[in-house]
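The block underneath contains the structure these notes are about, expressed in structure tokens.
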Amino acid sequence: MNTIVGTYECKVDAKGRLMMPAPLKKQLTASLQDGFVLKRSVFQPCLELYPMVEWDAMMKKINKLNRFVKKNNDFIRRFTAGVKVVEVDALGRLLVPKDLVTFASISKDVVFSSAVNIVEIWDKDLYEKSISGEDMDFADLAEEVMGNINDDEDGIS
């Protein structure tokens, strides 16, 4: 798994194309030829851009679900709803299909935000609102999520 780093801004054109920022494109060089999967986020009003290798790893996990369990089948359907295979063109642009532009309320200014091994694509105003902390205390969240993880190998708790 490659870790993707950074937050980048760009604009969307009238056709729904985003110019992938050069530092992000450089990090994703190995994935450019294989393409990407673009999908709706489960928890946020944004899109998730999976390098194909990361999407394949996710599908291996999902494929282990028993489809004769209704909840599993429902989950698979909802998780993969609106999924599109996308590519970065020769000019470095990513075409976002109209239905996904609508889902993420993308209007003009866009933020690419790294999320470990994928990239979230946000409308800038929604991104700023999501990180403003108005709906949660980040310190409490960090303690709850990471507080019980102790990795002695690198000394970081």
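Descriptive notes on the structure:
- Sparsely packed loop sites in segment 1-92 (the trypsin sites (Lys or Arg not before Pro) outside DSSP H, G, I, E and B with at most 13 other Cβ atoms within 10 Å) comprise Lys15, Lys64, Arg67.
- The three principal axes of the Cα atoms in segment 7-147 give end-to-end lengths of 44, 38, 28 Å, sorted in falling order.
- Note on Val69 and Met52: the model spin-label points, each 7 Å out from Cα along the C-beta direction, lie 3.1 nm apart.
- Rounded to the nearest 0.05, the FRET efficiency derived from the C-beta distance between Lys129 and Asn2 at R0 = 25 Å is 0.30.
- Near the amide H of Met20, within less than 5 Å, lie the amide hydrogens of Arg93, Leu94, all on another chain or at least 5 residues away, with H placed in the peptide plane.
- Counting only protein heavy atoms and using a 1.4 Å probe, the accessible area of Ile131 comes to about 100 Å².
- With 0.36 nm allotted per residue and the present C-alpha distance subtracted, the Ala90-Asp140 stretch has 13.6 nm of extension available.
- Net charge of the neighbourhood of Leu49, taken over other residues with C-beta under 10 Å away and scored Lys/Arg +1, Asp/Glu -1, is -2.
The values are calculated or read from the model by the stated rules, or taken from the named source; none is laboratory data. None of the values given here were measured: they were computed from a predicted structure. Cβ sites come from the backbone with ideal geometry, for glycine too, and all protein chains shown count toward neighbours. Just so you know, the surface numbers come from the protein's heavy atoms only, side chains and all, with ligands and any DNA or RNA stripped out. Shrake-Rupley method; radii C 1.70, N 1.55, O 1.52, S 1.80 Å.
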